[in-house]
Ligand SMILES: Nc1ncnc2c1ncn2[C@@H]1O[C@H](COP(=O)(O)OP(=O)(O)O)[C@@H](O)[C@H]1O
Ligand SMILES: [Mg+2]
């Protein structure tokens, strides 16, 4: 049974959903890890990216590439709307505004008034055909014991490919003088200002960039599931993305990737184990099939607590940086 | 120390030691600047001119409004009323980063060393007009590598001058309080400012470092012909290196003049002795022992 659980866990860890979450975490790394911006509404950018694709294709019959562009443009607009009034104020204003904006977006997509466009609570489907039509992989089952279908493999390749592209982009940006300003803002924005840097403008660029990466994550998410529904975009998605980032190590290029792999490996492994044990009647009713989700999350929370106690810099964080007195 | 005076002809020779007096070549001119916090008037300056090319010491008991005046002048705070001009151009309402780019750079009373960046990165950040600081060019190192090398060379020179070269690649967070003050000053110089505003550059610096810090401040005037305004409590230091001293109390300029005239000024003595939360200037001498040779 151990190997079965292992393969279940591995299949999810390298799957398209994990890649989508890795993208959310890459975006948050830009915001929080490098710039120190508290975006608690990354799921809002994800929603915009997902619905950008779904609405453009399913509602208006446009091509997929246009849908992706619409999602990205939507993310830019959202970042501007969120950033312009808040980025001159204290950090907590952005936090409150982003979490509220993400929830407002979810309510807008699910109200009956927007049903003709967004599909309301039922959401939208049949918009990913164009993506799967491009699949160059011959039909079949791949990666041996993981038995991954050619369609899933295609989304995995594109999803993780995008993770690689944006990881590389941030790596290149952060080693440049542009990245130096971004890091100085995280440390002390008044110091950056006193040296002639337009802090607001750089924060805005960071917010837009991280938001766009989140929206691309949303597009990957929507295409891989081939459906969007408002209630998958709950606030907790943002907190999973934060958990992934912190798990892997903030302000490191590899943190979001490692974090996503570990996070989904543990979640899927736990779920598989609990389900199989419960099916075999080897588990007290308390943990039974109804409670698998809650038990898993409790366990993940415990794991994060232990990590913060014993390895506060995350798996790949810089310990010396962590220990410096920041003021 | 009068042998260190900048030039044979003192530009402020014969200027009356009166609050708000006009000067021959002001770099900064302040008019009617007021700032209150709730009921407290933190700054209330009718008129003040800062002469170009000299070191002006700004003194006054704690809470006199010195830091607030710095904040207002450099765009970190907004006054209720008032205007000020830098090099003849009005600066009211100009955001802090543009004030710095125009040539007025300040340091902070509580140092703002960027702890999780190296000493060299702190320095490099100070350089203005970097092509690599723009989003798209930053992605192509070939475009900015040369400029980065030039900036690094300039930073290395300054670090050597400020005796921080051995800490070059350490995180700034590992520096001592005094070294952070030095770094902050060196970093401000990377901006190539015309006017440097130093808010208590000597506070918390151990006596061994104070002398070299004083030397650096004089060097700004003598070797680089920059203008310096600095806040300091130690009267020995103020009298040693200032060409002109301005004294604030309860937000207003109560006296100004050459150092020799300030020590005996009745208003200054009154401000220090009368202020309940201030300290008499003479009493600071013991704490800062070793500064006078
Ligand atoms: N942000 C602020 N909010 C409220 N009061 C302030 C603020 N900044 C300064 N003050 C008050 O303004 C007065 C001048 O302070 P400050 O400029 O720091 O004096 P100094 O630098 O001369 O010691 C003090 O009474 C101080 O308490
Ligand atoms: Mg002060």
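Values quoted throughout were computed directly from the atomic coordinates according to the rules given, and no laboratory measurement underlies them. What you are looking at is a predicted structure, and each value in this text was computed from that prediction instead of being measured. For neighbour counting, all protein chains shown are included, and Cβ atoms are generated from backbone atoms with ideal geometry for every residue, glycine included.
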Helix-only [θ]222 nm of chain A, DSSP H runs n ≥ 4, -39500 (n - 2.57) each, per residue, nearest 500: -22500 deg cm²/dmol
Pair residue A:276, residue B:46: separation of 7 Å Cα→Cβ label points (nm): 8.8 nm
Computed lengthening from residue B:169 to residue B:156, 0.36 nm per intervening residue step minus Cα-Cα distance: 3.6 nm
Calculated on alpha-carbon atoms, Rg and Dmax of region A:1-142 in Å: 18.0, 55
Estimated inter-spin distance, residue B:110 and residue B:225, nm [label 7 Å along Cα→Cβ]: 3.9 nm
Shape category assigned to region B:63-136 from the gyration tensor of Cα positions, a/c cut at 1.5: oblate
Hydrodynamic radius of region B:114-174 per Kirkwood, over alpha carbon pairs, in Å: 12.2 Å
Most fluctuating residue given options B:212, B:138, B:225, as computed from a GNM of chain B linking Cα atoms under 10 Å: B:138
Whole-angstrom gap from region B:93-170 to region A:269-285, using each part's C-alpha centre: 58 Å
Simple label model, 7 Å out from Cα along Cβ direction - residue A:201 to residue A:318, nm: 2.6 nm
Contour minus Cα-Cα distance for residue A:239 and residue A:254 (0.36 nm per residue): 3.5 nm
Relative contact order computed over region B:114-174 (Cα-Cα under 8 Å; 6+ residues apart), in percent: 56 percent
Separation of alpha-carbon centers, region A:179-241 and region B:243-274, rounded to whole Å: 51 Å
Top of B:64, B:16, B:252 by mean-square fluctuation, Gaussian network on chain B, Cα under 10 Å: B:16
Residue A:175-residue B:16 FRET efficiency (beta carbon distance; Förster radius 41 Å; 0.05 resolution): 0.15
Hydrodynamic radius of region B:39-194 per Kirkwood, over alpha carbon pairs, in Å: 17.5 Å
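Counting other beta carbons within 10 Å of each Cβ, put A:202, A:21 in order, fewest first.
A:202, A:21
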Chain A: most fluctuating residue of A:19, A:215, A:291 per GNM, C-alpha cutoff 10 Å: A:291
Region A:133-159 and region A:16-53: distance between their alpha carbon centers, rounded to Å: 25 Å
Global geometry of chain A, whether rounded, prolate or oblate, following the gyration tensor of its Cα atoms and the 1.5 cut on a/c: oblate
Chain A: relative contact order as a whole-number percent, Cα under 8 Å and 6+ apart: 31 percent
Neighbour-count order for B:23, B:163, A:319, B:181, fewest beta carbons within 10 angstrom listed first: A:319, B:163, B:23, B:181
Rg to Rh quotient for region A:215-292, alpha carbon positions, Kirkwood Rh: 1.07
Degrees, to the nearest 10: B:141-161 long Cα axis against longest axis of chain B: 40 degrees
Acute angle (nearest 10 degrees) that the helix B:177-190 long axis makes with the longest principal axis of chain B, alpha-carbon atoms: 70 degrees
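Classify the protein assembly as shown: rounded, prolate or oblate, from the alpha-carbon gyration tensor (a ≥ b ≥ c, eigenvalue square roots; a/c under 1.5 rounded; otherwise prolate if a/b is larger than b/c)?
On the way: a/c = 2.64, a/b = 2.41, b/c = 1.10.
In terms of gyration-tensor shape, prolate.
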Mean separation of Cα contacts under 8 Å, 6 or more apart, over the residue count of chain B: relative contact order %: 26 percent
Residue order, fewest to most beta carbons within 10 Å, for B:216, A:150: A:150, B:216
Residue-averaged 222 nm ellipticity for chain B, from DSSP H runs of 4+ at -39500 (n - 2.57), nearest 500: -10000 deg cm²/dmol
